[in-house]
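The structure appears right after this line, and notes come after that.
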Amino acid sequence: MWDLDALLLARIQFGFTISFHIIFPAITIGLASYLAVLEACLLRTGNEVFRDLYHFWSKVFAVNFGMGVVSGLVMAYEFGTNWSLFSDFAGGVTGPLLAYEVLTAFFLEAGFLGVMLFGWQRVGPGLHFISTVMVALGTLVSMTWILASNSWMQTPAGYAIIDGRVVPTDWFAVIFNPSFPYRLAHMGVAAFLATALLVGASGAWHLLRGNDNPAIRTMTSMAMWMLLLVAPLQAVIGDFHGINTLKHQPAKIAAIEGHWENRPGEAVPLVLFGWPDMAAEKNHFALEIPHLGSLILTHTWDGKIPALKDFKREDRPNATIVFWTFRVMVGLGMLMILLGILALWARLRGKLYQSRPLLRFMVCMGPAGIIAILAGWFTTEIGRQPWIVYGVMRTADGVSSHGAVQLGITLALFVVVYFVVFGAGAVYLLRLIAKGPELQGGDSPVPGGPGQPRQAMRPLSAAPDSEKTPPELAPGG
Amino acid sequence: MGIDLPLVWAVIILFGIMMYVIMDGFDLGIGLLYPFFSDKSDRDVMMNTVAPVWDGNETWLVFGGAGLLAAFPMAYSVVLSALYLPLIFMLLGLIFRGVAFEFRFKASEKRRHFWDKAFIGGSMAATFFQGVALGAFLQGIKITGRVYSGGALDWLTPFSLFTGIGLLAAYAMLGCTWLILKTDGPLQERMKAIARPLTWVLLAVIVVISVWTPLASPEIAQRWFSWPNLLWFSPVPLLVLVAAWQLRKSLLGPSHNAPFVLTLCIVFLGYSGLGISLWPNIVPPGISIWAAAGPPQSLGFALVGALLVIPLILMYTAWGYYVFRGKVDATHGYH
């Protein structure tokens, strides 16, 4: 019992720190690509609105990037402190992938990020645009390494076990393991969606307060186009990802669906709502739609999927949790599709920037993308339990042997520090967004670069200081 | 015979850690000196002297963690789980300090004092627990098979507490001499006044650790005092004494650069001394870099990326320091 508690605490600690962390990279990925699109629009049309929007969102991007760097520092050590047996066992695969992620991030900071944040006056428009595109690509490459590592843990491939340790035999197979392409697409699109929702909510918030200008209209409009096109696409990708999971991790799907057993001659229903009970091996208060589960998962009328009772008790993930986290994610996804359609309808009627109920809906949906990302990761990570490397190493065999007391103390410290630190960061970010874009280059970026006080190794420095700073103390040229 | 990959990686990681110790050392030191300077403009100047460089310094810490996992997964897992508590405390300190650094500039006058305190507390915690972790590491880590088999508080010993305090002295000295290099006038004079007694403290710390480690470990004593090692390694302690003597002299004279350069020399020599004591072990007392190394396929794959990116980071860092050369004072920029 004591051991179980320590394992659970180690998992909660890792889950807590990585949940905080993932928010920042997700928005970084989305904003970097958004900035590249804005600059492309600027170069194509010459419309200065895009420049104003670029300057505005690049500050948000910089703060967000900085928070990601700070919260990422812990991640580089937690694999060893909390999961030492796993790291020794699988470090041959996960280590180089993590190292490449870190190196990619450094490459960005030492290279293109500086030009992107501080180079407006120093390089030509073409070179600046290339830098922005490289930063956007860099964030995607960075994500690729991490998702390759995570996907390998979900669907390991390209390795051998020699002397009790994982040895990579084929790096191509390691990286392009069976679940990797689906996870990459799903997470990449999720980052874009979360960012579009954040941008849309910012625009709607300003419009509701009567702060109506071309820049705010443009960003609201762009966000809603993005949502309209990409939210349905995400549903399709999610479906493919689910079918891939069914093939490689059937227990996860059974838990998500709350599917306990296959009855002879009966298709798999879709359990809309219910309360899966792990001990009683059944769903309470279940509301089912016959055949729909078969239809969604096997794309046939009577297809069967493995059920939870087909797996030994100790091999089952916690269905109570993943059943609900999955439904939170899907429910929010549906609302995103709905928002996209409503926005299109309002746009066609010429009311996109005036309809207050719609604008309020946009504001409410601001955090929806981030919540959906977290819910999705909870589903996939809790759903692959009890395995840390699926089918190869159990989570209980990968954890460091710390006592519950130690883990409890450090967890409490993490919670306090993270809420203070990232709470302050979030407040600052929201204030920055609340200021809104300034028009006609009134918001031109501060100068900086290597050796300057403001530079890319300190992304946060690209954002403005306290508004109370007297002008004579403000950074000069 | 191909390349000795574990050796190459050990050199890369040792280099990374040295870069970290030297570079983050002086900016952590500034946090340690903050309590002695309550005037806002002094504090602004002190922080301005590291603003252009500090975050790049922690790059090396992240790289050290990821590189260790990639190249020596066994050492990564054993050392990090043995030093779980001090390392977590250190990381929390670093987070607090890093964010305080940024938000101090963004905060209103009313809130600034909070971030000042966070900066001081974070710097102290990060430095002290880094020193504790170092001491616990030097004392050796209990392993059964490939797994840490000690207790939760094995790291807490008189020696590790001493190295914690020792590192506080070393980083404060680095910060102090860095400020002598980067400032002028009364602030510089006060730094010199602090640096003079601090030199003796630092020297005492080095002497105590140099005596304590061989006494505690016969292997380390054997490494240093057997013939002809004694001959090869004797320049290290001798150079420390020469550098300390020169340092003391330079602090009495008009020199601005010499104190920092000499402190760097002393820190570098101390680092070399620890390296001599442990080599080729990556987990003292008995696990060598070859025993702890991951599969060659992993080391080779990661090496390609490291060799491409590290030179770039070094160039960027050098360029940054070059642009930032010269003195910082209250009229030169807000931060």
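The values are calculated or read from the model by the stated rules, or taken from the named source; none is laboratory data. What you see is a predicted model; the values in this text were computed from it and never measured. Here Cβ is always computed from backbone atoms with ideal geometry, including for glycine, and neighbour counts include all displayed protein chains.
For the range A:306-326, give me each residue that is in a loop (DSSP other than H, G, I, E, B), more than 27 Å from the chain's Cα centre (by Cα) and surrounded by fewer than 17 Cβ atoms within 10 Å (Cβ to Cβ). Matches in the range A:306-326: A:Pro306, A:Phe311, A:Lys312.
Contact annotation: residue pairs with Cβ atoms under 8 Å, 6 or more positions apart or on different chains, pairing a residue in the range A:156-183 that is under 20 Å from A:Ser87 (Cβ atoms) with a partner that is hydroxyl-bearing (Ser, Thr, Tyr) and assigned to a strand (DSSP E or B), are A:Val166/A:Tyr159; A:Val167/A:Tyr159; A:Pro168/A:Tyr159; A:Thr169/A:Tyr159; A:Val174/A:Tyr159.
Scanning the range B:97-110 for residues that are without any contact (Cβ under 8 Å) to a residue 12 or more places away in the chain, within 9 Å of chain A (Cβ to nearest Cβ) and of a type outside the set (S, T, N, Q) yields a count of 4.
Within the span defined as the range A:68-90, every residue fails to be among the aromatic types (Phe, Trp, Tyr) and over 26 Å from B:Arg146 (Cβ atoms). Residue check: B:Leu203 meets all listed conditions (1) under 22 Å from B:Gly326 (Cα atoms); (2) surrounded by fewer than 21 Cβ atoms within 10 Å (Cβ to Cβ) but one, namely (1).
One line per residue, one yes/no per condition, for (1) more than 21 Å from B:Leu299 (Cβ to Cβ); (2) more than 9 Å from chain A (Cβ to nearest Cβ); (3) in contact (Cβ under 8 Å) with a residue 40 or more places away in the chain:
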site	(1), (2), (3)
B:Asp4	no, yes, no
B:Leu7	no, yes, yes
B:Val11	no, yes, no
B:Ile17	no, yes, yes
B:Asn48	yes, no, yes
B:Ala70	no, no, yes
B:Ile95	yes, no, no
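B:Leu85 falls short on exactly one of the conditions (1) under 30 Å from A:Val63 (Cβ atoms); (2) modelled with pLDDT of 90 or more, and that condition is (1). Among the residues of the range A:19-69, which ones are without any contact (Cβ under 8 Å) to a residue 24 or more places away in the chain and among the small types (Gly, Ala, Ser)? Result: A:Gly46, single match. For B:Leu153, the conditions (1) surrounded by fewer than 17 Cβ atoms within 10 Å (Cβ to Cβ); (2) facing chain A (nearest Cβ under 10 Å); (3) assigned to a helix (DSSP H, G or I) are fulfilled apart from (3).
Testing B:Met124 on (1) facing chain A (nearest Cβ under 9 Å); (2) farther than 19 Å from A:Gly68 by Cα, one condition comes back false. Which one is that? So B:Met124 meets the others, but not (1).
Residues of the range A:136-186 that are among the aromatic types (Phe, Trp, Tyr) and not in a strand (DSSP E or B): A:Trp145, A:Trp152, A:Trp171, A:Phe172, A:Phe176, A:Phe180, A:Tyr182.
If the condition is being within 18 Å of the chain's Cα centre (by Cα) and more than 7 Å from chain A (Cβ to nearest Cβ), then the range B:80-93 contributes B:Leu83, B:Pro86, B:Phe89, B:Met90, B:Gly93.
Checking every residue in the range A:238-253 against the condition of being surrounded by fewer than 21 Cβ atoms within 10 Å (Cβ to Cβ) and aliphatic (A, V, I, L, M) gives at least one match. The numbered conditions (1) surrounded by fewer than 22 Cβ atoms within 10 Å (Cβ to Cβ); (2) touching a helix residue (DSSP H, G or I) at 6+ places or on another chain (Cβ under 8 Å); (3) among the aliphatic types (A, V, I, L, M) are all true for A:Leu137 except (2).
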